[in-house]
2 protein chains.
Amino acid sequence: MDRFDVTILGCGSATPTLRHHPAAQAINYRDRVMLVDCGEGTQLQMRRYSIPFSRITDIFISHLHGDHCLGLPGLLSTLSLQDHPGPVTVHMPAQGIDIFSRMIEFFSPGVARNVELKAIPDGIKVIAETKGLEVVAFPLYHRMPCHGFIFREKKRQRTLLGDKADMLGIPHSLRPAIKGGADWWRPSDGRIFTNAELTTDPPAPMSYAYCSDTLADERVAKAIAGVDVVYHEATYLDDMANQAKERGHSTAAQAARIAARAGAGSLVIGHYSKRYHQPDALAAEAAKIFPGPVIAADEGMVIEIFNARRARAQELPTP
Amino acid sequence: MDRFDVTILGCGSATPTLRHHPAAQAINYRDRVMLVDCGEGTQLQMRRYSIPFSRITDIFISHLHGDHCLGLPGLLSTLSLQDHPGPVTVHMPAQGIDIFSRMIEFFSPGVARNVELKAIPDGIKVIAETKGLEVVAFPLYHRMPCHGFIFREKKRQRTLLGDKADMLGIPHSLRPAIKGGADWWRPSDGRIFTNAELTTDPPAPMSYAYCSDTLADERVAKAIAGVDVVYHEATYLDDMANQAKERGHSTAAQAARIAARAGAGSLVIGHYSKRYHQPDALAAEAAKIFPGPVIAADEGMVIEIFNARRARAQELPTP
């Protein structure tokens, strides 16, 4: 099973507290690290939880409130002090490109040539892609332009029955084609082994959606339909629904409703208002509504997508 | 005794570690707070050590390397979320005014009208002043324009002998003049009480100098001559003197020599390279040269200037 997990680096909201750091998560997929949001102090949190700086390939910034992006100049500045700062693509709302270009040029000119700033397009679009994973941006509904992200594994190749292939003497050069779905013709007797005889179905692709700073909105449920694990902000308890609406945020109950409508496997909540010293009440409120497991994010928590998905035992309501 | 102390918020160098935060100190003088440098995460360190945000009047940025100023946008952004963001003056090298104006306007427009950015002039100049304290900027010698700061109490008024004044029946309205040096004429018999009979010498004014990121330079010793307490960077041990010179930094031995030449009462060292896990060796190296107490800065340490000065018992070498 390929590595696919999420480390919570910060799950607080705008006003920093000693309990929670501002927003940041590190997605580990195979041997690469992708950051989602980058609040002040993210680089320190990365050190604390041993996320290797050199493996960062992409940074996705949901929106341009300071608690989601002000760790970027410092992180890039530190990268510029390293011997081999790799190319990093920073995806952010178009409105931030100018100011961040200037900041990077000013504070870390040494890294500027290795950093590409890319505007996130409107609508639902694939904005980054690796061999095994694609990243989809979709609209969120906050007080300024804001995007969510889905990290979705591509369809995997079929799983070759290795022992059988060895026994039959299938050359290694032909195996990739078989994993891709081909049958095999045995030269010695002309017998054809069908692909179904040689392979099994691959594990279903895994997916993770990040919904930070948004009103609870049906369009979000639709955009993330069927994801295995969804992180959805839950800034307030439902008794503060008016405040949530006014400030472009969600309550825990609302987050649970969106996740349920999306048919998600597990729900992770975060972006807690500083008024809540413990997330227990928020998690309990969500758990009353969401049928799957509800995980209250905390700094340092590592969520393995495969394990979080396994909790998805019973049939979930279809969106 | 008026409050005059320094809280170390960060005493690490450019690459952040889990041991030390980037540069920042809070000067508490009477009921105001002045920050010196503001590395990433300063606002969190202020919370950790209970420095009240609402009392900040001035922020002094020594130079524009990220580890000395990238906490500024986040701190000002948080101030803008408070109900009554007070006026704050940020003093920084002229080269930073443009980029920081843009950053503040972008990330915390609500606070922009309460923040004034002021360029630090060249040379040795008083750049800020309150009733009891003046702040002097002076040149440091780093890889870019860099300034040190002296926080110096003004000459205090004489101390009125309160019991004697009461006994003689000196009206309260006349006492400020006597504290200022006046004699008193007793109306009942025309007798003159000289100021020397009515007052004692005030405590000597206290002073603190901050020398961050600089080559060891005689001109610095001259600029800070006679201060009670000096913070001087000591990035390396003396066996790295070449590296120090090349990067515009000082060794612990060099810092001690400058402090001794300045006739300072106590020496605080900091800005440790990440190669040193403990500052013990750095402090020991400085103590071999500096005749007064050597204090190895650490996050959360509070240095009371009066107490640090009292250690100045024996005669120190004159610069």
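Worth a mention:
- Value of Rg to Rh for segment A:100-249 (Rh from inverse mean 1/r over Cα pairs, i.e. Kirkwood): 1.20
- Its Cα centre serving as origin, segment A:134-180 has a Cβ charge dipole (Lys and Arg +1, Asp and Glu -1) of approximately 140 debye.
- Residues in segment B:275-281 carry Karplus couplings, in order, of 5, 9, 7, 10, x, 3, 5 Hz; the curve used is 6.51 cos²θ - 1.76 cosθ + 1.60 with θ = phi - 60°, and Gly or Pro positions show x.
- The share of alpha-carbon pairs in the protein assembly as shown lying farther apart than 48 Å comes to 30%.
- Placing unit charges on the Cβ atoms of the charged side chains and taking the dipole of chain B about its Cα centre, the candidate lying farthest along the positive direction among B:Gly123, B:Leu9, B:Leu72 is B:Gly123.
- Rounded accessible area per residue of the protein assembly as shown, 1.4 Å, Å²: 42
- Lysine pairs meeting the criterion (Cα under 25 Å, 8 or more apart or interchain), as found in chain A: 19
- Shape call, segment A:7-139: gyration tensor on alpha carbons, a/c limit 1.5: rounded
- Loop-located chymotrypsin sites (Phe, Trp or Tyr not before Pro) in segment B:12-66 (DSSP state not H, G, I, E or B) with no more than 10 neighbouring Cβ atoms inside 10 Å do not occur.
- Length-normalised contact order for chain A - Cα pairs under 8 Å, 6+ apart - percent: 15
- Buried between A and B is an accessible area of approximately 2600 Å², summed over both sides with a 1.4 Å probe.
- Share of carbon and sulfur in the accessible area of the protein assembly as shown stands at 51%, probe radius 1.4 Å.
- Residues with amide H under 5 Å from that of A:Thr199, placed H, sequence gap 5 or more: A:Leu161
- Segment A:51-130, dipole about Cα centre (Lys/Arg Cβ +1, Asp/Glu Cβ -1), debye to the nearest 20: 60
- Buried on complex formation within segment B:36-74 (loss of at least 40 square angstrom of accessible surface versus the isolated chain, 1.4 Å probe, ligands and nucleic acids ignored): B:Glu40, B:Leu44, B:Arg47, B:Leu70.
- Interface burial in segment A:105-121, defined as at least 20 Å² less accessible area with all protein chains than with the chain alone at a 1.4 Å probe, covers A:Phe106, A:Phe107.
- Axis proximity, chain B to A: residue whose C-beta lies nearest, plus whole-Å distance: B:Gly41, 2
- Kirkwood hydrodynamic radius (C-alpha pairs) into Stokes-Einstein, chain A, 4 °C and 1.567 mPa s, D in µm²/s: 62
- Its relative contact order, with pairs defined as Cα atoms under 8 Å and 6+ residues apart, puts segment A:168-251 at 22 percent.
- Oblate is the label for segment B:219-306, because the ratio a/c of its alpha-carbon gyration tensor axes (a ≥ b ≥ c) is 1.5 or higher and a/b is not greater than b/c.
- Net +/- balance of residues flanking A:Arg191 in space, Cβ distance below 12 Å, scoring K and R +1, D and E -1: -2
- Each Cα pair under 8 Å and six or more residues apart adds its sequence gap; the mean of these over the residue count of segment B:119-261 is a relative contact order of 22 percent.
- Relative to the Cα centre, the charge distribution of segment A:197-319, modelled as +1 at Lys and Arg Cβ and -1 at Asp and Glu Cβ, gives a dipole magnitude of about 260 debye.
- Viscosity 1.002 mPa s, 20 °C: Kirkwood-radius Stokes-Einstein D of segment A:177-216 over Cα pairs, µm²/s: 157
- Counting all C-alpha pairs of segment B:130-213, share separated by more than 16 Å (%): 63
The values are calculated or read from the model by the stated rules, or taken from the named source; none is laboratory data. Because the structure is predicted, anything quoted here is derived from the model rather than measured. As a convention, Cβ positions derive from the backbone with ideal geometry for all residues, glycine included, and neighbour counts pool all protein chains shown. We work out accessible area using only protein heavy atoms, side chains counted, and drop any ligands, DNA or RNA first. Shrake-Rupley method; radii C 1.70, N 1.55, O 1.52, S 1.80 Å.
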